[in-house]
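Remarks on the structure that follows.
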Amino acid sequence: MKYARLTKEQLEELHQEFINFLATQSITADEWEDIKTNKPEVAEEEIDVFSDLVWEGVLTKAKYLEHFSKDQIHLFELEETQMRLIAIKVNNDTIDITTREGYDWLRNNLMNEAVEFYNASKEYSDDKNLDRFKIIQQGANITKGELYQYFSDLIELKE
């Protein structure tokens, strides 16, 4: 497996897509029931292949990632050949930006000396989608990029 198996809930949400996937493998509903019962390892392999296909599609379409921790926000723009990062760090141990109060403090104190901004860019390795997946595994979420755009405009990253 290249990525990670979809959860039971994710598979349930993608039930119709999984049926279509099985159909492309010429596996009927009756055959699938037989495989699950008599060849569970083959069923697991099919689920793994389907999971990788879903992840590949999702990762290819992703344009932005966000990761929040107690004192940092990492915002990624996923371009064709590289990813850009805007990082915001709060150097104040009493502020936890994963809480509503901490995030509100950050929003109201962006120019405070305890708030630092960083930006960088990094070329992808040979496997762009795997690079993206690793960031998601570390806790990032795929987003529409509103926060990235806000901070990009704020720190004038635009060229």
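Restricting to the range 83-117, count the residues that are of a type in the set (D, E) and under 26 Å from the mean Cα position of the chain (by Cα). So the count comes out to 4. Looking at the range 1-83, the helices (runs of 4 or more DSSP H) lying wholly inside it that each contain 1 or more residues that are within 20 Å of E146 (Cα to Cα) and out of contact with any helix residue (DSSP H, G or I) (no Cβ under 9 Å at 6 or more places or on another chain) sit at 40-61.
For N108, are the conditions met, namely being open to solvent by 50 Å² or more (accessible area, probe 1.4 Å), modelled with pLDDT under 95 and in contact with a helix residue (DSSP H, G or I) (Cβ under 9 Å, 6 or more places away or on another chain)? No, not satisfied.
Only one of the listed residues (F68, F76) is open to solvent by 50 Å² or more (accessible area, probe 1.4 Å) and touching a residue at least 24 places away in the same chain (Cβ under 8 Å). That residue is F68. Out of T99, T60, one residue alone is free of Cβ contacts under 8 Å to residues at least 24 places away in the same chain and either touching a strand residue (DSSP E or B) at 6+ places or on another chain (Cβ under 6 Å) or within 21 Å of Q138 (Cα to Cα) (or both). It is T99. In the range 111-145, of all residues being of a type outside the set (G, A, S), in a strand (DSSP E or B) and open to solvent by 50 Å² or more (accessible area, probe 1.4 Å), the one that is farthest from L75 (Cα to Cα) corresponds to E123.
Does A87 satisfy being in a strand (DSSP E or B), closer than 29 Å to Q138 by Cα and open to solvent by less than 30 Å² (accessible area, probe 1.4 Å)? Yes.
The values are calculated or read from the model by the stated rules, or taken from the named source; none is laboratory data. This is a predicted model, so every value here is computed, not measured. Neighbour counts are summed over all protein chains in view; Cβ atoms, including those assigned to glycine, are modelled from backbone coordinates with ideal geometry. Quick note on the areas: whole protein, heavy atoms, side chains included, nothing else; ligands and nucleic acids left out. Shrake-Rupley method; radii C 1.70, N 1.55, O 1.52, S 1.80 Å.
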